[in-house]
Amino acid sequence: MYSTIFKLTLAACLLLTQPYFIHANTYRFLAECQASGYLTGTSTTNCNTENNSECCKANQKYPQYRCSPQVTSNTKAKMTLNSFAEGGDGGGPSECDEQYHADTERVVAVSTGWYNGGSRCLKNIRIKGNGRSVLAKVVDECDSVHGCDAEHSYQPPCGNNVVDASQAVWDALGYSGDQVGDAQITWSDA
């Protein structure tokens, strides 16, 4: 126990007095993406619950993110299920091309920070999960700032680490039944 306390004390002293000993990635880790604010939910009966989508609840606080974790060759993310079809739980047409996309297309929306103002629009990303790999096209932003309104199907803002994928992506990765809807995956730019 005492050696652990000593090591932690020594590390803290080095960090405070000799910052050049600490690698730049350590600072990046310490400065991970934090919530930039909170959105207060409203109650509605108009929420689209397709794909077991979460609906905003009155007076509940939902974190908002303008950032996402750094993209690497194996970026960890939460993959969720989304319908990009007209009338689907994705809301309106996709941000990148103002089109709806069939559930049979391998398309995704990524969190606001990863969407990066549309810089990934219509580009493929490689998603790895369930022992498989698939390419999918980014067609939309999974909005991590706004939500709980008609434009967002009365759903809360996305987390900062979400890849919201069509059924075709889930199928290509071999997920089925109860596995579909929420999975830990990795992804990278293709």
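Assorted remarks:
- Straight-line cross-link partners of LYS61 among the lysines, defined as a Cα under 29 Å from its Cα and at least 8 positions apart when in the same chain: LYS76, LYS78.
- Computed with a 1.4 Å probe on the full set of protein chains, the accessible area for HIS152 sits at about 40 Å².
- Peptides 53-66, 81-94, ordered by how many other C-beta atoms sit within 10 Å of their residues on average, highest first, read 81-94, 53-66.
- Annotation: per residue accessible area for region 82-138 equals 47 Å², rounded to a whole number [probe 1.4 Å, protein chains only].
- Charged side chains reduced to their Cβ positions (Lys and Arg at +1, Asp and Glu at -1) give region 90-130 a dipole of some 360 debye around its Cα centre.
- In percent, rounded to a whole number, the relative contact order of region 46-190 is 36, using alpha-carbon pairs under 8 Å and six or more apart.
- Region 144-190 versus region 68-89: alpha-carbon centroid distance in Å: 4 Å
- Seen from ALA136, the other residues with C-beta closer than 14 Å to its C-beta sum to a net charge of +1, counting Lys and Arg as +1 and Asp and Glu as -1.
- Counted charge near SER176, where neighbours are those whose Cβ lies closer than 15 Å (Asp, Glu -1; Lys, Arg +1): -3
- In range of the label at ARG126: residues from region 167-190 whose backbone nitrogen is under 20 Å from the point 7 Å along Cα→Cβ: 169-175, 184-190
- Under 15 Å, Cβ to Cβ, from TRP114 - net charge with Lys/Arg +1 and Asp/Glu -1: 0
- Value of Rg to Rh for region 80-157, rounded to two decimals, is 0.95; Kirkwood radius and Rg both from alpha-carbon coordinates.
The values are calculated or read from the model by the stated rules, or taken from the named source; none is laboratory data. Note that the structure is a prediction, hence the values are computed from the model and not measured. Cβ atoms come from the backbone with ideal geometry, glycine included; neighbour counts cover every protein chain shown. In case anyone asks, the SASA skips ligands and DNA or RNA and just uses the protein heavy atoms, side chains included. Shrake-Rupley method; radii C 1.70, N 1.55, O 1.52, S 1.80 Å.
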